[in-house]
Structure formats: structure tokens, C-alpha cells
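A.B. asks: Below are the C-alpha cells for one structure; questions will follow.
The values are calculated or read from the model by the stated rules, or taken from the named source; none is laboratory data. The structure presented is a predicted model; accordingly, all values stated were derived computationally and were not measured. Glycine gets a Cβ as well: all are built from the backbone with ideal geometry, and neighbour counts include every protein chain shown.
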Amino acid sequence: MQRTQIYLQKTQRMKLNKLAQEKEMTISEVIRELINKGISPSRQKRKKNYMSLIQVAKHFEKLGEKGSQDLSKKMDTYLYGNR
């Protein structure tokens with residue numbers, strides 16, 4: 001393990017203390033558990049979004065629609081708009 005130091009608001013620290021006591025765990029264990037729970041769902045969401053994009057692409061392909069031919073050149077424009 002690697003040691004990491006963070007700053008917490010007083011209310012955050014109080015909630016962590018309470019949760020640690022309820023679970024009979026150390027604050028460090030609670031923080032690691034919360035981080036693991038927080039990281040895992042985002043990966044799953046990304047995968048679900050990726051799959052839905054593939055499904056949309058297949059749908060438009062069935063309809064005979066063609067995508068942009070310059071996507072690799074203008075990807076930032078399509079994703080983020082004109083900046």
C-alpha cells in the first residue's frame with residue numbers, strides 16, 4: 001500500500017468516524033472501500049455507453065446512413081464543438 005494524505009472538511013471527517021464505528025472498521029478501511037465502490041460503477045457506465053454507441057451505429061447502418069468521412073480529422077470539433 002502507498003500512504004496518501006488528504007484534507008477533509010470537518011463534517012466529512014465526522015461522517016467517516018461515524019461510519020467506521022458502525023462498520024467496526026478503521027477510517028482508512030472505510031475510505032478504501034468507498035473509493036473502490038466509486039471507481040467500479042464508472043467503468044461499468046463507460047462500457048454500457050460504449051455498447052449503446054455500437055448499437056446506434058448498427059441501427060443507422062441498417063438504415064443505409066453513412067457516418068462522417070472526416071471524423072479522424074475533426075473529432076474534437078464533433079465531440080466538443082467549436083472552441
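A.B. asks: Y7: of a type outside the set (G, A, S), modelled with pLDDT under 90 and exposed (fewer than 10 other Cβ atoms within 10 Å of the Cβ), yes or no?
C.D. replies: No: the conditions fail for Y7.
A.B. asks: Condition first: among the aliphatic types (A, V, I, L, M) and exposed (fewer than 12 other Cβ atoms within 10 Å of the Cβ). Now tell me which residues in the range 10-38 satisfy that.
C.D. replies: If the condition is that a residue be among the aliphatic types (A, V, I, L, M) and exposed (fewer than 12 other Cβ atoms within 10 Å of the Cβ), then M14, I35 are the ones that fit.
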